[in-house]
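These notes are about the structure you will find just below.
Bear in mind that the values in this text are calculations on the coordinates, not laboratory data. Given the structure is predicted, the values throughout are model-derived calculations rather than measurements. When we count neighbours, we look across all protein chains shown, and the Cβ atoms used for this are built from the backbone with ideal geometry, even at glycine.
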Amino acid sequence: MSNATAEEDDIRVDIPMSDDQLKRNMRPILHKPYGSMDLVSVKAPAKHGSHSKDSNWWVVLNLAFQSIGIVYGDLGTSPLYVYPSIFSNGIKHRDDILGALSLVFYTLTFLPLVKYVFVVLRANDNGEGGTFALYSLICRYARVSLIPSQQAEDREVSNYKLELPSKRLKLASVLKSSLQKSQFAKIFLLLVTMLGTSMVIGDSIFTPSISGPLYWPMFVVSILAAAIASQAMISGTFSIVHQSLSLGCFPPVKVVYTSANHEGQVYIPAINYILMLACIGVTAGFKSTVKIGNAYGTAVVFVMTLTSSLLVLVMIMIWKTNIFLIILYILTIGFVELLYLSSVLYKFTSGGYLPLAFSAVLMIIMYVWNDVYRRKYHYELDHKISPARLKEISANKNMSRIPGLAMFYSELVHGIPPIFEHYVSNVPALHSIIVFVSMKSLHINKVPPEERYFFRRVEPRELFAFQCVVRYGYKDVREVAFEETLVTRLKEFIQEEILLQNQMLSTIGNNAEKGTEPEGEIVERNNDVANAKQVEEEIMQQEIEQLQKEWEEAGIVHMIGESEVIAKKEANIMKRIVINHVYNLLKRNVRQREKVFDIPHKRILKVGMTYQL
């Protein structure tokens, strides 16, 4: 039995009424099992009119014009950098120049136009592309994601759904089943995605380094060419690192959103400085555009080949493309890319080794961070607080309640995290209102704001505690007024909760009238139902008023876990190195959680815990 299933079996929630307010004979009727599916989505009013604006021809034309600067900056200047690598030993015949130019021209026509424009762009994730977008599409169709905080409710998000052809192919079913059953396949797919991400970042390092000043009169031109060529790759690097952050595959870094109108425009200072230092180091180390060109080519061709590999999975499982068309794609575009891959690997010792070495280091960092992140989540899931323990905490007379609203942050979406147990064991005081907040990322680019918040009440009712799951896509921007939005959604949840309970009570009354009970008992039951509705509405109003009062007068305190992660004593030497040294070294040199959430320091309380993984 899984942890999530076990939780559904042992957690039960009573309709929030005291025994003197509702007769005993009605409580068994209102007693229901409580599990992950009982999370209630609080939907904000949807913003209308955005679709017509997005589909306006002027908006499309404007976006197309803006993309010229990015696309041309990369494709238009790339042939200038290829020539030094082709003729590294000098030009032996004038026709070689025309032959090389023809090869460049037809390559640009065949791969970017045929492959990317007509095929790859169809495999977009609601308008977003790249390695992580392809990986997200595959994860949404097949259960191959290694992110542990997955829920059945996630598939109800409007952007999550896929429009699939009605035709079913046996190959798609077999491949999907094989990927879902194999843990090795899941890890390998994640590593392929990380490798593609690492190569894109490596590409952005070598691109600005290529345009070396061969002649002093052309110094200014070469600098401008480097700036133009690097713009596309640096922007792409910021975007793909942002996606990696959201999916827990990259250590936290500061992200600056440079546009109030376009959420996808981001700037990451730490990555920018790393790219700058790496570019200077590559230029100073190689001192030759030939070796830099070889390194650049290795990164580009690897990205193209990995994209095709993921695209074939999309064709088979999601599009259910005819098998003969898939074979045709592999024999044409795949063959050309493998041909280029073999040629760049031939130059491995002449600079091609650098992007592979860089990608290997970056992959290790990403995988270690993601692996420990998943281990921490499973540790919290295994040590979550039981419902019986929550009742003990609520009934503890030595536990005083202080004014204010406390938010306990955790990755856990099923149950109450162990940080709460650690806190109450050392501090005999609880705030008047408690909210357990879990922020999670989905394998989609954006979650509509009206579908972002999920709530459930944590029993017993006297604890006045709630669990909130906030869902983001990998391109979403966290709200500036997060506290205000959460409190507003919590009020709406309390209102919806009472509304659902009143509907349940009305159903009980209607069923009683249709039954064979004596008329006197039916009248008495209907009176009980009416009284229960009135009591519930009064309780709802009191809770909303108290919530507003605590928020405005006492404010919010943010409880953040300051966890120390160590390997168990019986762990092997490799696991100890990864957790005790590599992960903790990364953790000490990345942004802390309060900075990621942009929480004021005056309202932060850190709770220290030790996780033995």
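Things to note:
- Dipole of the range 404-485, positive direction: furthest Cα of 417, 472, 427, with charges on the beta-carbon: 472
- By the beta-carbon count within 10 Å of each Cβ, the least crowded to most crowded order of 606, 291, 533, fewest first, is 606, 533, 291.
- Residues 93, 378 arranged by fewest to most Cβ contacts within 10 Å: 93, 378
- Percentage of interatomic Cα-Cα distances in the range 440-485 larger than 14 Å: 56 percent
- By average C-beta atoms within 10 angstrom, highest first, the peptides 389-396, 403-410: 403-410, 389-396
- Here, P(r) means the percent of Cα pairs in each 10 Å bin from 0 to the largest distance; for the range 401-474 it is 18, 47, 24, 10, 0.
- Counting Lys and Arg as +1 and Asp and Glu as -1 over every other residue whose Cβ lies under 12 Å from the Cβ of residue 536, the net charge comes to -2.
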